[in-house]
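The values are calculated or read from the model by the stated rules, or taken from the named source; none is laboratory data. Please read all numbers here as calculations on a predicted model, not as lab measurements. Glycine gets a Cβ as well: all are built from the backbone with ideal geometry, and neighbour counts include every protein chain shown. Quick note on the areas: whole protein, heavy atoms, side chains included, nothing else; ligands and nucleic acids left out. Shrake-Rupley method; radii C 1.70, N 1.55, O 1.52, S 1.80 Å.
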Amino acid sequence: RQFTIVAQKWKLPNNEGIEMAGQTVDFAKCPPKKGFVDGWNALSAQRVTTIDGNTLSDLYGVPEVKLSNGETLPWCKVQAMMQTDIKGWIPAKLVDSAVIGSYPQQYKSCRDYMLQNVFGFQTEAEKMEQ
């Protein structure tokens with residue numbers, strides 16, 4: 001399968017996080033390829049927001065974590081939705097596995113963006129096995 005998607009991201013007010021959204025587009029420079037089925041992504045969206053300490057402990061039961069410099073480790077909440085038609089015929093179990101399998105890398109990218117560009121932390125690269 002291949003998808004040609006245009007995406008946009010926005011910073012939320014008061015450095016509370018980011019939102020990203022995308023959808024499939026017809027694009028002349030990305031024509032159909034032999035051997036591939038063009039899937040259709042009607043909409044995909046993610047929202048990554050910071051969680052304040054009170055919500056973190058009261059709602060999720062997670063204690064605050066202090067960093068070596070005395071600052072509190074920021075935590076975030078990720079919300080995601082997707083409306084996709086993969087086209088063609090593939091067993092649902094394989095589709096579900098592929099879609100769910102792609103999320104950890106997307107969330108790691110969001111986490112790294114938040115830590116580096118929103119909070120100003122330096123993070124180290126990490127090799128992820130597929």
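Exceedance of the 31 Å cut-off in Cα-Cα distance is limited, within the set LYS66/LYS93; LYS34/LYS77; LYS29/LYS87; LYS29/LYS108; LYS11/LYS33; LYS87/LYS108, to LYS66/LYS93; LYS34/LYS77; LYS11/LYS33. Over the chain, the fraction of Cα-Cα pairs per 5 Å bin, rounded to whole percents and listed from the shortest bin up, is 2, 8, 15, 17, 17, 15, 10, 7, 5, 3, 1, 0.
Estimated from helical segments only, the mean residue ellipticity of the chain at 222 nm is -7500 deg cm²/dmol, where each DSSP H run of four or more residues counts as -39500 (n - 2.57). Charged neighbours of TYR113, selected by a Cβ distance under 11 Å, balance to +3 (K, R count +1; D, E count -1). Working from Cα positions, state the angle (0 to 90°, nearest 10) between the long axis of helix 92-113 and the longest principal axis of the chain. Value to nearest ten degrees: 40. Per residue, the convex hull spanned by the Cα atoms of the range 1-76 measures out at 170 cubic angstrom. Averaged per residue, the chain has 74 square angstrom of accessible surface, using a 1.4 angstrom probe with ligands and nucleic acids left out.
The portion of the accessible surface of the range 39-96 made up by carbon and sulfur, rounded to a whole percent, is 56 (1.4 Å probe; DNA, RNA and ligands excluded).
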